[in-house]
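Take a look at the structure below.
No value in this document is a laboratory result; all are computed from the given coordinates. Here the structure is a predicted model, which is why all the values come from computation and not from measurement. Note: ideal-geometry Cβ built from the backbone for every residue, glycine included; neighbour counts use all protein chains shown.
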Amino acid sequence: MNQSHRLPAGGRIDRSRSLSFTFDGARYSGHPGDTLASALIANGVHLVGRSFKYHRPRGILTAGSEEPNALIQLGLGNRTEPNIRATQIELYDGLVAASQNRFPSLEFDLGAVNDTLSPLIPAGFYYKTFMWPQRGWMTYERAIRRMAGLGRAPDGPDPDRYEYRHAHCDVLVAGGGAAGLAAALAAGRAGARVIIADEQAEMGGWLLSEGETEISAKPAVDWVGKAVTELAGMENVTLLRRTTAFGYYDQNWLGLVERVTDHLGPYAADHLPRQRLWQVRAKQVVLATGAIERPLVFAQNDRPGIMLAASLRSYIARYGARPGKALVVFTNNDSGYRTALVAHQAGIGVTAIIDTRMGAVGPLPQAARAAGLRIYEGHAIIATSGRLRVDGVRLGKLAASGDRIEGSGFGISCDLVAMSGGWNPNVSLFSQSRGKLDFRAEDGVFVPGQSFQPLRSAGTCNGVLSTAECLAEGLAAGAEAAREAGFANRKPAGLKVTEPECPAAAPFWLAPPEKPLARAKCFVDFQNDVTAADLKLAVREGFQSVEHVKRYTTTGMGTDQGRTSNVNALAIVSATLGQDIPAVGTTTFRPPYTPTSFGAIAGRNIGALFDPVRRTPIHDWHAAHGAKFENVGQWVRAWYYPKPGEDMHAAVNREVKAARTGVGILDASTLGKIEVKGPDAAEFLNRVYTNSWLKLGIGKARYGLMLGEDGMVRDDGVTVRLGEDRFLMSTTTGNAATVMTSLEDYLQTEWPELKVYLTSVTEQYATLTINGPKSRELLAALTDDIDTGNEAFPHMSLREGNVAGVPARVIRISFTGELSYEINVRASQGKAVWEALMKAGEPFGITPYGTEAMHVLRAEKGFIIVGQETDGSMTPGDLGMDWIVSKVKPDFVGKRSLARSDTVREGRKQLVGLLTEDRKEVLEEGAHVVETVLDKPPMAMLGHVTSSYYSPNLERSIALAVLKGGRSLIGKTLSVPMPDKVIRVTVTEPVFFDPKGERANG
Amino acid sequence: MAEMMQDTPAAIAALPESGKLILRADADNADIRAAIGGVLTAPLPVEPLTSMAGDKATALWLGPDEWLLLCAEADRAGLQQALETALASQHASVVDVSDSYQGFSVTGPKAADLLSKGCAIDLHPVAFGEGKVVRTLLAKADITLLRIEAGFQLYVLRSFAEYTRLWLDDAGREYRG
């Protein structure tokens, strides 16, 4: 088919170029400037989808983003996207589109049986029907889900690219129609930084569809062109086309989505994102979001070929399409006449204008009369016909009350119906901004009332109707916004506008149908198949709140969020309740304004950019030597280093053995390190750790336990005294940043009198730990200025000197119970020093060990890991570490809490060891420990396993656990029930290896 | 190379090894300010979010009592020594963090646009002129961001350098065409 329904001339399309596309497999053509909707109409295609519930044939209702019906499955493969509005899809060559919610075909859809059965599936059908038996829902849901939903989501990863963009401006203008352009001009001329965003491909809004309107004695589109050129020439103005302001959040923060390359089709521009999510912070906002035409609610008003009147005008004037040959206009206001006149001039036969009013006297009705158009005043459509396309309407004379028909109806043939129920200001963003809506009774609309953010509304979204008012409000709003943002400017000069006069009219909510309402199918919400009868049924069944009616009937839900239906639904509900519309209220608008793709929201936070991966300075060596890695927060640490043929168990056993018999080497660079400097540094440490620090000698190291103010263990680590007023504190890997900020917080807010400065040096140093009986010999081999003798360099002390030729701080401390040295060198030298240690260690059989072996080694010694043995509810006493809590210090963080009744009570969970009866059985970490095993849970639980490993040094499994009253249970046999068996364990002291601690001092 | 850089809308480069010190001291103390200013050959910046370039070092205001000092790698030890000597009788802290941070530069006409893909700060010249410094987030990395004549310098913790490099390259794809 080749654009059989294209007008011979006119429209903002480039007729010199043709674009080919397919819809449901059939090939069509269109022109640049077309939307998929306008191109389909130009090819005579009105049937584009099936409705959600009844599978009724549906056509194109609108020409904008409010479209409820024409939802399309666009694109192929993993680029396919469901529920895209045909009215917003810009045509490109090779576009592939398909209809949705039909089987086997759009013309013959089996689901349409629902339409015949519709009297059996009224509002709330699911709630009423699928209730018994209760567990049956699991089955019903699967079937219902298969029936429901419209399009199909792709299965694989999205191949496209999406980006973020942050921006700031003085004035953000949402909407690029008459009011928006005027506002941007006024603000831009004042010198303000302006961002103007419009969802369409071209700025101009309705002006692009209104050939009759003149601004400054020229066609309106000329003014649009001049305005856009002027704005584009201003350095302080950013023009964003194809950009929807979808969310209005606190502090004038708005979310915009820019469709950067959608209009070019797939693979069009590889270096550009498909869409860009803008996060804009605006000093002032001008909302110029326009108005949405209100459909009329009448019997079978949903057939393909029935459209909104102004949208029809847009298809004729902007797209040069001819949506039909015989038009019936149904209206309650003068703008319907405007459509009739435009259609008439375009050569479309106007069969009838049906006006619900009597004696319309405005210039437009008069012009229609003068043109000889047939007008039925005080009439309404009472039925329509046509299976896949409207082919006729029946009308009747309205009684004076407007709620019934007098006499009998009669039919008129047609293939096109334009309906106009007036205009609803588009107040979605205003409402999102927390603005209050006021109801204007004369034409039954909600207009912006009190606002709570620095914003102003201008144009039809503010309730005005004429282009002249839109321009005047836009100029004023832009100038005011700029002034509020600090840019002085004069009142902008007005613009002279010539346009058809089209005043607001009293609303008309429901045309009385010929059939009883329950069978008449007067649709209110086209997307969700909600009829006037459904709304009345909901009220009859007791739903009075509009929010409840919405949820019960699903009116206003779906991808269009009731853009065309909300006010009609509200009016019908209020009329049924016998209340005023403001008393019934309106539903709240929430972001997003139109559906926004997950891709845009995810942005580039995918793959390698999903989260930073922090690697140590020695990482490359580990990787080159076959290390397996584990994640520790954002850090990636060497876990174990399997040799060919080794599994994890074998590798870890080998590493653990080596660290106790020869020498092992561990990359401990991730440990937090903080330099503490100042005359009060020792006093500061004395307050943040539980033990005493005042008398620690220079060059000495001490282990410390840090509590929260609740007395619970928060962190631990070794701190060394570098000088009289200088310490180097180490923290756990995971808590490095938290400890730093909480210590800084104490200094700034609790103890400002302390003269102490903190500086994080975590990443300044690589920390290489050598461990095992041969570690002294290894260290001695690589240093010429540190005396490594046991007396010269005792346990828990620091020496500074050269190691492998570079300056190093060497601390003799042990997390394994073995002789051990922690060598700190500049990060940039870490890898070279590691390699030197590996080389010098060869004669001693040096073995790199990872975090798993480190865990086993420390567990053999019963050393805790904060976050593994502790969970924010363990006191030092619970861990058997009372020895580190000073009894004499006047205060330290958490001291008072250690005397609370809860922290001193009997029966708290305490750290113990567990030994399984079967030496080979390794308990699962997290497994629960009970005294008495029952058939099934619940059972009285004593606590849980916190750490569990196989210990090659003890040739058996070991575990640490926290058990209620744990220390009193030592020697007892308890049970660990697992899904397949019960494991018997004996409670022991938590130290399994070298309980006297002789090895570290050797 | 220099010509190529000029044609690049947004050029990304890792900065060479350099000296970086964290200085902490009481800026309300005139003696301390004078001692530091003498070493830096420029007044210590005390206005929030500002920096000051001296002969040997540039001082970046990080907080009311905290500065990042940038200098050539060759001057690092000398600068630390000189500051410690000048501040010997005062409560102050000078810590070498040269290896803690990796610097990057993003220069060219699209530099601010590139960074704005991950940085919520207003980088427009009217709001973020030369010499301005902030600590903020670039995507998920903490950065110290400095405006220079040709664009921006940013400093990230060493372990975030790889992520930052990946992120910058990815964000710059648009400008490489």
For segment B:1-102, what is Rg from Cα atoms divided by 2.2 N^0.38 Å, rounded to two decimals? 1.19
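Please compare each pair in A:Lys700/A:Lys861; B:Lys20/B:Lys56; A:Lys657/A:Lys774 to a cut-off of 18 Å on the Cα-Cα distance and tell me which ones are over it.
On the way: A:Lys700/A:Lys861 23 Å; B:Lys20/B:Lys56 12 Å; A:Lys657/A:Lys774 13 Å.
In this structure, A:Lys700/A:Lys861 lie more than 18 Å apart at Cα.
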P(r) for the protein assembly as shown: what percent of alpha-carbon pairs falls in each 10 Å bin, starting at zero? 2, 8, 14, 16, 14, 13, 12, 10, 7, 2, 1, 0
Loop-only trypsin sites (Lys or Arg not before Pro) in segment B:9-57, please: DSSP not H, G, I, E or B, and at most 12 other Cβ atoms within 10 Å. none
Straight-distance crosslink candidates among lysines, where the alpha carbon sits under 19 Å from A:Lys325 and sequence neighbours closer than 8 are dropped: none
Net charge contributed by nearby residues that have their C-beta within less than 9 Å of A:Gly422 (K/R +1, D/E -1): -1
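Mind checking A:268-274 for the average number of partner chain beta-carbons within 10 Å of each residue's beta-carbon?
Mean partner-chain Cβ count within 10 Å for A:268-274: 2.
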May I ask for the longest run of chain A untouched by chymotrypsin sites (Phe, Trp or Tyr not before Pro) that are loop-located per DSSP and have at most 16 neighbouring C-beta atoms (other than their own) within 10 Å? A:611-1002
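Any idea what the dipole of segment A:744-883 comes to, in debye rounded to 20, about its Cα centre with Lys/Arg Cβ at +1 and Asp/Glu Cβ at -1? Before the final figure, lay out the partial values.
Values: 11 positive and 21 negative charges, 112 e Å.
Roughly 540 debye, rounded to the nearest 20.
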Residues A:Met712, A:Met838, sorted so that the one with the fewest Cβ neighbours within 10 Å comes first: A:Met838, A:Met712
Starting from segment A:930-1002, pick out the GluC sites (Glu not before Pro) whose DSSP state is loop and whose Cβ has at most 14 other Cβ atoms within 10 Å. A:Glu955, A:Glu998
Over all alpha-carbon pairs of segment A:140-234, lay out the pair-distance distribution in 5 Å bins, whole %, shortest bin first. 2, 11, 16, 15, 11, 9, 8, 8, 8, 6, 4, 2, 0
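Provide the FRET efficiency to the nearest 0.05 for the A:Lys496-A:Val361 pair, computing r from the beta carbons and using R0 = 41 Å.
Details: r = 25 Å, r/R0 = 0.61.
Once the sixth-power term is evaluated, E becomes 0.95.
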Listed with the fewest Cβ neighbours within 10 Å leading, A:His168, A:His46 appear as A:His168, A:His46
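In debye, nearest 20: dipole of segment A:906-988 around its Cα centre with unit charges on the Cβ of K, R (+) and D, E (-)? Could the numbers behind the result be given before it?
Numbers: 11 positive and 10 negative charges, 50 e Å.
So the dipole magnitude of segment A:906-988 works out to roughly 240 debye.
Give me the number: length gained by fully extending A:Lys889 to A:Glu484, i.e. 0.36 nm times residue separation minus the C-alpha to C-alpha distance, one decimal in nm. Don't jump to the answer; show the numbers that get you there.
Numbers: separation 405, 0.36 × 405 = 145.80 nm, distance 5.89 nm.
Using 0.36 nm per residue and subtracting the Cα-Cα distance, I get 139.9 nm.
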Under a straight-distance cross-link criterion of Cα-Cα below 21 Å, which lysines are reachable from A:Lys981, leaving out those fewer than 8 residues away in the same chain? A:Lys920, A:Lys936, A:Lys972
Mean separation of Cα contacts under 8 Å (at least 6 apart) over the residue count of chain A, i.e. the relative contact order in percent, is 9 percent
Using only Cα atoms, locate the centre of segment A:881-899 and the centre of segment B:100-128, then give the distance between them in Å, rounded to an integer. 48 Å
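Would you please name the trypsin sites (Lys or Arg not before Pro) within segment A:406-483 that are DSSP coil residues with at most 13 other C-beta atoms within 10 Å of their C-beta? Walk me through the numbers before you get to the answer.
Details: sites: A:Arg434, A:Lys436, A:Arg440, A:Arg456, A:Arg483; in loops: A:Arg434, A:Lys436.
Those satisfying the criteria are A:Lys436.
Over chain B, what relative contact order in percent results from Cα pairs under 8 Å that are six or more residues apart? Show your work: numbers first, answer last.
Numbers: 332 pairs, mean separation 44.7, N = 177.
Result for chain B is 25 percent.
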Does a label point 7 Å from the Cα of A:Lys936, set along Cα-to-beta-carbon, have any residues of segment A:964-990 with amide nitrogen under 18 Å, and which are they? A:977-982
If neighbour count is taken as other Cβ atoms inside 10 Å, put A:His31, A:His548 in order from fewest to most. A:His548, A:His31
Using +1 on the beta carbon of Lys and Arg, -1 on that of Asp and Glu, and nothing else charged, what's the dipole of segment B:74-177 about the Cα centre, debye to 20? 240 debye
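Where does chain A land at 222 nm, in deg cm²/dmol rounded to the nearest 500, when only DSSP H runs of n ≥ 4 count, each adding -39500 (n - 2.57), divided by all residues? The partial results should precede the final answer.
Numbers: 25 runs with 217 residues, N = 1002.
Helix-only estimate at 222 nm: -6000 deg cm²/dmol.
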Aspartates and glutamates with Cα under 16 Å of B:Lys140, excluding same-chain neighbours fewer than 8 positions away: A:Glu163, A:Asp611, B:Glu162, B:Asp169, B:Asp170
For n ≥ 4 DSSP H runs only, could you compute -39500 (n - 2.57) per run for chain B, divide by its residues and tell me the 222 nm figure to the nearest 500? -7500 deg cm²/dmol
The rounded separation in angstrom of the Cα centers of segment A:426-487 and segment A:578-625 is 30 Å
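All other residues with a Cβ under 15 Å from the Cβ of A:Glu869 taken together, and with Lys, Arg as +1 and Asp, Glu as -1, what is their net charge? Intermediate values should be presented prior to the final figure.
Values: positive: A:Arg714, A:Arg858, A:Lys861, A:Arg908, A:Lys909, A:Arg967; negative: A:Asp715, A:Asp716, A:Glu860, A:Asp871, A:Asp878, A:Glu925, A:Glu989.
Result for the local shell: -1.
Considering the convex hull of the alpha carbon atoms of chain B, report its projected area averaged over all viewing directions, in nm², one decimal.
Values: hull surface 40.6 nm².
Taking the Cα atoms of chain B, their convex hull projects to 10.1 nm² on average.
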B:Val126 versus B:Val46: modelled label distance in nm, points set 7 Å from Cα along the beta carbon direction: 3.1 nm
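Where a ≥ b ≥ c are the square roots of the eigenvalues of the C-alpha gyration tensor, would you call segment A:672-761 rounded, which needs a/c under 1.5, or, failing that, prolate if a/b is larger than b/c, or oblate? The partial results should precede the final answer.
Details: a/c = 1.35, a/b = 1.16, b/c = 1.17.
It comes out rounded by the Cα gyration axes.
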Gap in Å between the Cα centre of segment B:7-42 and the Cα centre of segment A:207-265? 45 Å
Between beta-carbons, use under 11 Å as the cut-off and find the net charge around A:Lys889, counting Lys and Arg +1, Asp and Glu -1. +1
Once both labels are modelled 7 Å past Cα along the beta-carbon direction, what's the B:Ala72-B:Thr136 spacing in nm? 3.2 nm
